Amino acid sequence: MKRIRVEEIDGIIYIDGVDIIKKLSELSKENDRLFLENDNLKKTEEQHRRLNGKLREELKHLKNN
């Protein structure tokens, strides 16, 4: 079992030498970036789905004529 070193220096908490507040802030920013990227991908996927549907309808129309 690994031991974890926790210390406070000048009001900053470090876990194994890492400023925990700074690390949480970085992770939060990365989470926000990934959330936006995922949201954009979902929107793009929906646009592709709609376009695909329109193209299928157009193809059916062309085949019937």
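The values are calculated or read from the model by the stated rules, or taken from the named source; none is laboratory data. This structure is a prediction, so every number in the text was calculated from the model and none was measured. A quick note on method: Cβ atoms are made from the backbone with ideal geometry, for glycine too, and the neighbour counts reach across all protein chains shown. Surface accessibility is based on the protein's heavy atoms, side chains included, excluding ligands, DNA and RNA. Shrake-Rupley method; radii C 1.70, N 1.55, O 1.52, S 1.80 Å.
Extension gain, residue 15 to residue 56: 0.36 nm times the residue separation minus the Cα-Cα distance gives 9.1 nm. Normalised per residue, the accessible area of the chain is 99 Å², obtained with a 1.4 Å probe and no contribution from ligands, DNA or RNA. Taken about its Cα centre, the chain carries a charge dipole of about 680 debye when Lys and Arg each add +1 at the Cβ and Asp and Glu each add -1 at the Cβ.
Can you pull the percent of the chain's accessible area that's carbon plus sulfur, 1.4 Å probe, other chains left in place?
On the chain, the fraction of accessible area on carbon and sulfur atoms equals 55 percent.
Using 0.36 nm per residue and subtracting the Cα-Cα separation, the extra length available between residue 33 and residue 48 on full extension is 3.1 nm. Summed over all non-identical Cα pairs, the Kirkwood treatment of the chain gives a radius of 16.4 Å. Taking every DSSP helix (H) stretch of at least 4 residues in the chain, weighting each as -39,500 (n - 2.57) and dividing the sum by the residue count yields a mean residue ellipticity at 222 nm of -26000 deg cm²/dmol. Computed from phi, the 3J(HN,Hα) profile of region 11-22 under the Karplus parametrisation 6.51, -1.76, 1.60 (θ = phi - 60°) reads x, 9, 8, 10, 10, 6, x, 9, 5, 5, 5, 4 Hz, with x in place of Gly and Pro. The trypsin sites (Lys or Arg not before Pro) of the chain meeting both criteria, a DSSP state outside H, G, I, E and B (loop) and at most 13 other C-beta atoms within 10 angstrom of the site's C-beta, are 2, 3, 5.
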